[in-house]
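Here the structure is laid out as structure tokens; the discussion comes afterwards.
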Amino acid sequence: MQIYTAKTYELQADEEEQLCSLLDPDRIRKIAAFGSRGERVRSIFAGLLLRHAFLRAGHDIEEWKHAEIGRGMYGKPYIKGIRDFHYGLSHSGEWVICAADTMPVGVDLQEMKPWKMTLAKRFYHEREYDRLLALDGADQNRQTEAFYSMWTAKESAVKLSGRGIGAGISQYVTAEDYSCIYDMDHERMFYTRRYGMVQGYMICVCSETDFFPDLPEEIDLENIVWRETDVKCERKKRSEKG
């Protein structure tokens with residue numbers, strides 16, 4: 001398994017158009033449907049990170065140019081005709097993440113914003129809710145970390161299956177050390193791994209096996225795009241003039 005993170009940056013309109021030319025058609029359609037500029041930018045970077053993961057997995061640029069995204073039973077995306085490459089994408093705030101493996105994988109990235117116990121009451125199993133209550137009155141950071149540890153674990157699990165959060169997440173119960181998560185509906189356990197290497201964010205990856213990298217690899221997509229492609233953005237021109 002490989003996990004890649006990247007920090008987004010502001011894009012000019014012409015840069016958006018040029019970078020979209022590097023993405024798969026499915027993502028281009030998604031980006032066009034976003035009304036929010038921030039959502040478009042994050043989706044562009046998520047697509048670029050997927051492209052990077054695909055090439056790093058040993059596939060060549062011609063394969064990428066002909067990549068076609070399919071959908072599984074529950075809508076989980078995959079690249080048609082490529083059986084040994086599975087991926088998961090997530091983005092929040094200023095960061096995007098991609099996990100890639102030879103078997104199904106789920107990943108979730110969340111900016112740790114203020115939250116309310118009513119949300120945990122609605123979506124979490126009672127055992128998890130009680131664990132959060134037990135932290136009430138302690139260091140607020142500990143309770144917030146626990147809340148997002150549970151949330152990202154659940155999100156990564158439903159993304160692994162492709163069922164999505166709309167199918168419900170209360171049936172997914174996290175272990176106290178967050179090393180695994182149990183799907184009570186299907187009586188299955190999945191392994192999870194938390195990463196807190198980006199301050200203010202929580203990352204969780206979910207897999208059927210317990211083989212996770214020690215840390216995600218942070219990617220400078222700006223330099224990679226310039227080095228690996230023929231894209232010549234105005235940003236680069238301005239930096240060269242400076």
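The values are calculated or read from the model by the stated rules, or taken from the named source; none is laboratory data. Computed from a prediction, not measured in an experiment: that's the story for all the values here. All Cβ positions, even for glycine, are placed from backbone atoms using ideal geometry, and neighbour counts span all protein chains on display. Please note that ligands, DNA and RNA were not included when accessible areas were found on the heavy atoms of the full protein model with its side chains. Shrake-Rupley method; radii C 1.70, N 1.55, O 1.52, S 1.80 Å.
Express the relative contact order of segment 62-138 as a whole percentage, based on alpha carbon pairs under 8 Å and six or more residues apart in sequence. Can you show the working numbers first?
Details: 78 pairs, mean separation 12.9, N = 77.
Reported relative contact order: 17 percent.
Size of the dipole of the chain about the Cα centre, Lys and Arg at +1 and Asp and Glu at -1 on the beta carbon, nothing else charged, in debye to 20? Provide the component values of the computation, followed by the final result.
Working: 34 positive and 40 negative charges, 133 e Å.
Rounded to the nearest 20 debye, it is 640 debye.
Which entries in LYS76/LYS159; LYS121/LYS154; LYS76/LYS154; LYS7/LYS30 show an alpha-carbon gap greater than 18 Å? Numbers along the way, then the final one.
On the way: LYS76/LYS159 7 Å; LYS121/LYS154 14 Å; LYS76/LYS154 16 Å; LYS7/LYS30 20 Å.
Violating the 18 Å Cα-Cα cut-off are LYS7/LYS30.
Which percent of the accessible area of segment 1-72 is formed by carbon and sulfur heavy atoms (probe 1.4 angstrom)? Working shown, then result.
Numbers: 1660 of 3420 Å².
The nonpolar share, carbon plus sulfur, comes to 48 percent.
Beta carbons within 10 angstrom, averaged per residue: use that to sort the peptides 212-224, 27-39, highest first. If you can, show how the numbers build up before the last one.
Working: 212-224: 15.0, 27-39: 13.4.
Ranking the peptides 212-224, 27-39 by packing returns 212-224, 27-39.
Given a 1.4 Å probe, how much area per residue of the chain is accessible, in Å²?
Details: 12530 Å² over 242 residues.
Per residue, the chain has an accessible area of 52 Å².
For every helix of n ≥ 4 consecutive DSSP H residues, a contribution of -39,500 (n - 2.57) applies; sum these over the chain, divide by its total residues, and give [θ] at 222 nm rounded to the nearest 500 deg cm²/dmol.
Numbers: 9 runs with 96 residues, N = 242.
The per-residue figure over the chain is -12000 deg cm²/dmol.
Using a Förster distance of 25 angstrom, determine the FRET efficiency expected from the C-beta separation of LEU119 and ARG188, and round it to 0.05. Don't skip to the end; give the middle numbers.
On the way: r = 25 Å, r/R0 = 1.01.
Given R0 = 25 Å and the Cβ-Cβ separation, E is 0.50.
Just need the relative contact order of the chain here, percent rounded to a whole number, with Cα pairs under 8 Å and 6+ apart. Can you show the working numbers first?
Numbers: 416 pairs, mean separation 52.4, N = 242.
Relative CO of the chain lands at 22 percent.
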